[in-house]
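Data block below; observations after.
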Amino acid sequence: MAEDVGTRNAAAGSGDPEVLSSRRTRMKFRGRAVIIPPYVWLLAFFLLPFLIVFKISLSEVVVAMPPYRPTFGDPSEWWGALRQLTIDNYLWIASDELYINSYVESLWIAGISTVITLLIAYPLAYGMARAPAGLRPTLLMLVILPFWTSFLIRVYAWIGILKPEGLLNQLLIAIGLIDEPLLIINTHWAIFIGITYSYLPFMTLPIYASLDRMDHSLIEAAADLGCPPLKAFWTITLPLSLPGVVAGCFLVFIPAVGEFVIPDLLGGSRTLMIGKTVWLEFFTNRDWPVASAVAVVLVAILVLPIVIFQRYQARAGG
Amino acid sequence: MAPMKSLGSIRRDFAPWSDRDAKPYILFDGVTKQFGEFKAVDDLTLTIYEGEFFALLGASGCGKSTLLRMLAGFEAPSRGNIVIDGEDLAGTPPYRRPVNMMFQSYALFPHMSVEKNVAFGLRQERMPRDQIAERVDQVLRLVKLENYASRRPDQLSGGQRQRVALARSLAKRPKVLLLDEPLGALDKKLREETQFELADLQHQLGTTFIMVTHDQEEAMTMADRIAVMDQGKIVQVATPEEIYEAPNSRFVADFVGNVNVLEAKVLRAEGGRMSLEAAAGFTIETVNAVDASPGQTVFYALRPEKLRISGEPLTGSNVVAGEVWDIAYFGHVTSFRIKLDSGEIMKVAMINATRVSPLQLTWHDRAWLQFDDDAGLVLTR
Ligand SMILES: Nc1ncnc2c1ncn2[C@@H]1O[C@H](COP(=O)(O)OP(=O)(O)OP(=O)(O)O)[C@@H](O)[C@H]1O
Ligand SMILES: [Mg+2]
């Protein structure tokens, strides 16, 4: 009996390589199994739809239902259908300034909006992180609170605020700051305001998280070594909150590039962001293949910052 | 009172605290720090002299870190003043104080290499680059981390991090260095080496050190003076020898080293001699100048190594008998616990002066203890 226990212990300890290796494989498999569901999810809800859109972007527009050709119906005709796919839609996009302009406009509007959002969100997050511990959950709640009403309604409400006879102009005139109403609605400024307002929480929360995680004694240590507060902010606080800043910027920039509702409601007809272009192609021109091609190019443009972002995260984590 | 040998510090020539004309360098004057209702530091007055190695000793939570943090400027005293070199520090922000602190939590900058961490303070004072490099090199060598200069703190072990924190606080060569448990995470050998080099450095640079430690041996070997703290108050400030041989209370006697405390009643007290009736049922004759009147209850503190133990019956004064309750062999000493006939336990330490002890005592043997009339100390509190 005692001998029995002995051998079993030896195997469990560092002895029998076979037992060990089989256990290791099992552990490895179990470890991998945990990450299968997210992959299945991504496959089903991101990759498959994307492939469908990609396929449509290689099709030809026709007046039919569905409004493109070829379709992959009968498996025996797949080879023929495959040979009908074309990159004409991409050549079309590349040749038409309208599309290129709307990509460029989307990118710079999203870029400027991201910077404005950052400039507002950082002090906000900083204030929250330095607030008394008892107050912080309430402040967090307040940041998230707007999500409790519909996004569409909130953007719509901005029309009432920004229009010439709207609340903002009334207020500014009432306090004597201006005589004539400002023209904000239907300009880029309205879009900046709309995006900044709508995406502020996405910037604030990651910055808050990184500031909150920071050990306050680091600031004390910096002061102790002769570093005045403002300099300590630049050399200690800001670098340590950079992962939050980067995450927030991408969380705002990427959806803002493809934003449709805000430019449509607040930007008027003169701004043509890419989201609106896709919408026009789909619903006004009923040209699904070109609309799909525009969307695919947008994804391609956004993949670059996403890859940079992930690289950065991996580096910050490791 | 029998002539007590002078109880000086390690550096016999350095004793500004006994010089009436010496100017205090650091002065805590009636300092209180309150967190809500709780007094972390309670009406504390303390003077520290220039170039002194001062140790703060006390149980966890007694206010040691709070005291240092007030000196460094991270907490403002609720009451009282802190003065360094004649200048009241109230209102001086931490970054303008001539004080550097090594944090108990290390507080290393996680996004900077070891080298950058150590150089941080020097760059604040715009020291030329080559001098910074030289100084960084020097302090890193001191803490034996010269090969780790380019690592980030999260790539270091706990003990290595502690040494980086130490190096960073040393780099600026401040006038006053505050060390909050500077060596706690180091192994015994490295700890002793670093202790030695710290003391060396301190003597070389003439920096005033204030060190918090849990380790009384560390405090004893390194410090010029030790302050024993309890619940925000200082119980005694004295040289290591004095703290050990002349504690002013049962708390200090018990906190520093091993001690037997016997409750006793004063029988006679005259001419520097006292006779006590121990509650354990024997008479103690002692040379002690304590203000106590006959009938008063006092405490007699007796260190284990000041007792002699014998297996043969002893006679004379200051003798008490009991039964061997426990024996622990430590190599250089053997420690006995003797259960007196009254039920009290006495600790006795016997130096093993020869390889084979002439004393062949074993468990449950009868043993006799004896001590000289200047072995113990009468305490009234
Ligand atoms: N910011 C604070 N708010 C409330 N209480 C505090 C604060 N800082 C310290 N205290 C309390 O003050 C007391 C003294 O704390 P301090 O950190 O000075 O202890 P310490 O002697 O350094 O202990 P240790 O040896 O464990 O480090 C503790 O009871 C602690 O809980
Ligand atoms: Mg402490």
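Readers should treat all values here as calculations from the given coordinates under stated rules, not as data from a laboratory. Quantities reported herein were computed from a predicted structural model and do not represent experimental measurements. We place every Cβ from the backbone using ideal geometry, glycine too, and count neighbours over all the protein chains shown.
Remarks
- Overall, the protein assembly as shown carries a charge dipole of about 1340 debye about its Cα centre when +1 sits on the Cβ of Lys and Arg and -1 on the Cβ of Asp and Glu, all other atoms neutral.
- Rounded, prolate or oblate (a/c below 1.5 giving rounded, otherwise prolate when a/b exceeds b/c) for the stretch B:258-379 by Cα gyration tensor: prolate
- Positive-end extreme of charge dipole, the stretch A:196-318 - chosen from A:285, A:214, A:269 (charges on Cβ): A:285
- Residues B:266, B:261, B:176 in ascending order of nearby Cβ atoms (within 10 Å, fewest first): B:261, B:266, B:176.
- Phi angles of the stretch B:300-307 translate, via the Karplus equation with coefficients 6.51, -1.76, 1.60 and θ = phi - 60°, into HN-Hα couplings of 10, 9, 9, 6, x, 6, 9, 9 Hz per residue; Gly and Pro are given as x.
- Qualifying lysines (Cα of each under 28 Å from Cα of residue A:163; at least 8 residues distant if same chain): A:276
- Percentage of interatomic Cα-Cα distances in chain A larger than 38 Å: 39
- Across the stretch B:213-230, coupling constants 3J(HN,Hα) worked out from phi with the 6.51/-1.76/1.60 Karplus curve, θ = phi - 60°, read 8, 8, 9, 5, 5, 4, 4, 5, 6, 9, 8, 6, 9, 10, 10, 9, 10, 8 Hz, and Gly and Pro carry x.
- The mean number of Cβ atoms from other chains found within 10 Å of a Cβ in peptide B:171-177 is 1, as a whole number.
- A helix-only calculation puts chain B at -6500 deg cm²/dmol for mean residue ellipticity at 222 nm, using -39500 (n - 2.57) for each DSSP H run of at least four residues, averaged over all residues.
- Sorting A:193-201, B:88-96 by their mean Cβ neighbour count within 10 Å, with the most densely packed peptide first, gives A:193-201, B:88-96.
- Whether chain B is rounded, prolate or oblate, judged on the alpha carbon gyration tensor where a/c under 1.5 counts as rounded: prolate
- Per-residue shielding of B:73-80, expressed as the average number of other chain Cβ atoms within 10 Å of the residue Cβ, stands at 1.
- Once backbone amide H atoms are built at 1.01 Å from N, residue B:273 has B:288 as its partners under 5 Å, excluding neighbours fewer than 5 places away on the same chain.
- Taking amide hydrogens as placed 1.01 Å from N in the peptide plane, the amide H of residue B:51 sits under 5 Å from those of B:208, each at least 5 positions away in sequence or on another chain.
- Chain A, helix-only ellipticity at 222 nm - DSSP H runs n ≥ 4, -39,500 (n - 2.57), divided by all residues, nearest 500: -22500 deg cm²/dmol
- Which of A:45, A:202, B:336, A:54 has the fewest Cβ neighbours within 10 Å, and the rest in rising order: A:45, A:54, A:202, B:336
- Which listed pairs, of B:144/B:233; B:33/B:347; A:231/B:39; B:265/B:339; B:39/B:265, have C-alpha distances above 30 Å, in listed order: B:144/B:233; B:33/B:347; A:231/B:39; B:39/B:265
- Within a straight-line Cα-Cα reach of under 14 Å, residue B:172 can be paired with the following aspartates and glutamates, leaving aside sequence neighbours fewer than 8 residues apart in one chain: A:224, B:115, B:125, B:134, B:137.
- Each peptide in B:29-38, B:192-201, A:263-272 gets a packing score, the mean of other Cβ atoms within 10 Å over its residues, and the list from highest to lowest is A:263-272, B:192-201, B:29-38.
- Cα gyration tensor category, rounded, prolate or oblate, for the protein assembly as shown with a/c compared to 1.5: prolate
- Dipole magnitude (debye, nearest 20) for the stretch A:96-317, charges at Cβ of Lys, Arg, Asp, Glu: 480
- Size of electric dipole in chain B: Cβ of Lys, Arg +1 and of Asp, Glu -1, about Cα centre, debye, nearest 20: 1260
- Per-residue mean of C-beta atoms belonging to partner chains within 10 Å, peptide B:232-240: 0
- Fewest-first ranking of B:52, A:60, A:281, using other Cβ atoms within 10 Å as the exposure measure: A:60, A:281, B:52
- The stretch A:129-197-the stretch B:305-336 distance, computed between alpha-carbon centres (Å): 85
- Separation between Cα centres of the stretch A:62-113 and the stretch B:109-168, rounded to whole Å: 58
- In sequence order, the stretch B:130-135 has phi-based couplings of 5, 5, 4, 4, 5, 5 Hz under the Karplus curve 6.51 cos²θ - 1.76 cosθ + 1.60, θ = phi - 60°, and Gly or Pro positions carry x.
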